[in-house]
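Here the structure comes first, spelled out in structure tokens, and everything after it is commentary.
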Amino acid sequence: MRRAVPLILLCAFAAGCGGGRSATDTFAQEQTAACAKVQQRLAVIKRPSVTSQASNAARKRESAALQRYALKVDRALLAGLSDLRAVEAPKSLAPVQKQWLAAVDAALKARLRLDTAPAKQLRKASRAELKTRRAANSLAGKLGIANGCTLTY
């Protein structure tokens, strides 16, 4: 069964971002704000309701609705990459930011493949998605935005 809980960008301000004015702190704040923009776009996507005691036909309709919802979320996340790319990193963080953006792109594409994978390939797609998401989250930690802009459930 497809995951009902989509990946989202968790966009709360990172701990410690409010006090400093260094280029790194400013970057972390701007990147977190870009993540918040994406999060706001995700919030308007209505999640279909699911009943606990439904007939087989109703379950099939709900499953199809949840899959359509997951695809909408996937597409919104991929479209949100332009917001993340728009944030200019300080020179010292620019190479890591470039790697992070590539890792986020790979993770979101892996998520899309997972959400569209046939039943026989779910396990493989799930492992690939987890691996790419962990890589993106690790790079977010190196950028100092791990608490403000990570891929998570």
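The values are calculated or read from the model by the stated rules, or taken from the named source; none is laboratory data. These numbers were taken from a predicted model, which means no experiment stands behind them. Every residue, glycine among them, receives a Cβ derived from its backbone with ideal geometry; neighbour counts consider all protein chains shown. In case anyone asks, the SASA skips ligands and DNA or RNA and just uses the protein heavy atoms, side chains included. Shrake-Rupley method; radii C 1.70, N 1.55, O 1.52, S 1.80 Å.
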Given the conditions (1) within 11 Å of the chain's Cα centre (by Cα); (2) outside any helix (DSSP H, G or I), every one holds for Ala146 apart from (1)
Residue pairs within 9 Å by beta carbon, gap of at least six or interchain, first lying in the stretch 127-149 and closer than 17 Å to Gln39 by Cα, second assigned to a loop (DSSP other than H, G, I, E, B) and polar (S, T, N, Q), listed first then second, are Ala140/Asn147
Over the stretch 40-95, the set of residues closer than 17 Å to Ala28 by Cα and basic (Lys, Arg) is Arg85, Lys91
Among the residues of the stretch 112-136, the number that are open to solvent by 30 Å² or more (accessible area, probe 1.4 Å) and touching an Asp or Glu at 6+ places or on another chain (Cβ under 8 Å) is 2
Being modelled with pLDDT of 50 or more, among the basic types (Lys, Arg) and more than 20 Å from the chain's Cα centre (by Cα) narrows Arg41, Arg21, Arg47 down to just Arg21
Filtering the stretch 50-95 for residues that are outside any helix (DSSP H, G or I) and either at positive phi or modelled with pLDDT under 90 (or both) leaves a count of 6
Among Lys91, Lys37, Lys60, Lys109, the single one that is open to solvent by 60 Å² or more (accessible area, probe 1.4 Å) and either closer than 20 Å to Glu129 by Cα or of a type in the set (Phe, Trp, Tyr) (or both) is Lys109
By residue number, the members of the stretch 94-106 that are small (Gly, Ala, Ser) and open to solvent by less than 20 Å² (accessible area, probe 1.4 Å) are Ala103
Taking the stretch 94-143 and keeping only residues that are under 13 Å from the mean Cα position of the chain (by Cα) and among the basic types (Lys, Arg), one is left with Lys109, Arg111, Arg133, Arg134
ask   = Do we have Ala86 as in contact (Cβ under 8 Å) with a residue 24 or more places away in the chain and surrounded by fewer than 16 Cβ atoms within 10 Å (Cβ to Cβ) here?
value = yes
